Amino acid sequence: MKNSIKFLITLALILSSCSFRSEQKIIRKQFAKTIQLSPVQIVAVNTLINPQGLPVIAGNRLFLMNKDLDSLITVFSLPHFQYISQFCTLGQGPDEYNVPFLCQSNTNYLYISDSKKRSIISQIDTDSIKLKNKFELDQTESIISPLVINDSIFYCVRWFPLKYLEIAAYDLNRGKLLHSKKIKVPANEVEEEIFMSINEGGIVANRQALAYAYFSKDQIDFLDTELNTKRSVIGDASPEHLSKNSDKSKQYYMAGYAGKDKLYFYHKNGSIDKKSEIRSIEVFSSKGDCIVRYTLKTPTDKKLTMPIFDDINNKIYFLSKDDNEEYYFVTYNME
């Protein structure tokens, strides 16, 4: 509890010192430079069959869900992807999972949530790959985009079907809700399903910043410790006005990660046409300032799927597969 309170006080002081002015409430993305990155390493992986979800880095190791294996989580060392082990089995037992979900974290522990045991968060020691602790949250709703900061604060997006989305922050050690922010459906303006899809997104956070990136809107909201929006960064077009004709199939921010002092987002330009689709990595400061945009040169015979941001080694990894459904890790160096 003391660690949770100390962390929130520190984060509040940092965020309050960022001096967001009212005229900066909404700003357009303006990157001073765009750099094209080429692959520097491609490693074949023969231990993956059906990878699911976003991989997570903890303790300089990579953890990846591997759905069709008896042990669901595969572990690799970084940055060369040497296989270490597999763990995590399905079942109803105390150390088993129904539908495990990897949580992002800024420490050396791995955290796993279970969508069927919605209130239980497991803490895994990344050296021994053994369960170290379990935390029980005072909540029963479905959660997405879970992450843990400083081994003390648990952030997530909670889904209340056909009612609203809610960004929530919990004291991990006590399991109690600290703050929440509801994203409600406007009355008589749009169908609930469309609203929920357009406004669904993911949270990224470090010790200095909180941000919410939208999957189907070209927008990132930077939040304070009470989850109030302090700055919104939008793309070339203004945020879409929701209607019954809104296109929920558009994709913009597909993944994000908060490093020590930078935030990284995997961005698409919203195009449904694959030929005109542009994918890039957008990098922001913790205050929400645009730093650099990276475009990616893709290997001709491989498809980039899930990005993995390695802030320690200053690299971006992509899980990739070729036309034969063989999997690879593709590495880019950030400049």
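The values are calculated or read from the model by the stated rules, or taken from the named source; none is laboratory data. Given the structure is predicted, the values throughout are model-derived calculations rather than measurements. For neighbour counting, all protein chains shown are included, and Cβ atoms are generated from backbone atoms with ideal geometry for every residue, glycine included. Note: areas computed on protein heavy atoms with side chains; ligands, DNA, RNA excluded. Shrake-Rupley method; radii C 1.70, N 1.55, O 1.52, S 1.80 Å.
Taking first residues from the stretch 137-148 that are outside any loop (DSSP other than H, G, I, E, B) and partners that are basic (Lys, Arg), the Cβ contacts under 6 Å between residues at least 6 apart in sequence or on separate chains come to 143/158. Under the condition of being in contact (Cβ under 8 Å) with a residue 60 or more places away in the chain and not in a strand (DSSP E or B), the residues counted in the stretch 200-217 number 4. Look at (1) on the phi > 0 side of the Ramachandran plot; (2) open to solvent by 20 Å² or more (accessible area, probe 1.4 Å); (3) more than 16 Å from the chain's Cα centre (by Cα); (4) not polar (S, T, N, Q) and you find that residue 53 fails only one, number (3). Out of the residues in the stretch 285-299 that are of a type in the set (D, E, K, R) and either under 17 Å from residue 234 (Cα atoms) or at pLDDT 95 or above (or both), which is most open to solvent (accessible area, probe 1.4 Å)? Residue satisfying both the conditions and the ranking: 287. Here the condition is being assigned to a loop (DSSP other than H, G, I, E, B), modelled with pLDDT of 80 or more and open to solvent by less than 90 Å² (accessible area, probe 1.4 Å); of 76, 63, 20, 31, it holds for 31 alone. In the stretch 145-158 there is no residue that is modelled with pLDDT of 90 or more, surrounded by fewer than 20 Cβ atoms within 10 Å (Cβ to Cβ) and more than 28 Å from residue 60 (Cβ to Cβ). Residues of the stretch 313-330 that are in a strand (DSSP E or B) and in contact with an Asp or Glu (Cβ under 8 Å, 6 or more places away or on another chain): 316, 317, 322, 328. In the set (1) farther than 30 Å from residue 232 by Cα; (2) modelled with pLDDT under 85, the condition left unmet by residue 39 is number (2).
Residue count for the stretch 116-134 satisfying the condition of being outside any strand (DSSP E or B) and either modelled with pLDDT of 90 or more or within 16 Å of residue 151 (Cβ to Cβ) (or both): 4.
Listed by first and then second residue, the pairs with beta-carbon distance under 8 Å, at least 6 apart or on different chains, first residue in the stretch 27-43 and within 25 Å of residue 230 (Cα to Cα), second surrounded by 11 or more Cβ atoms within 10 Å (Cβ to Cβ) and among the polar types (S, T, N, Q), are 27/232. Residue 137 meets the conditions (1) open to solvent by less than 20 Å² (accessible area, probe 1.4 Å); (2) within 30 Å of residue 304 (Cβ to Cβ) in every case but one. The failed one is (2).
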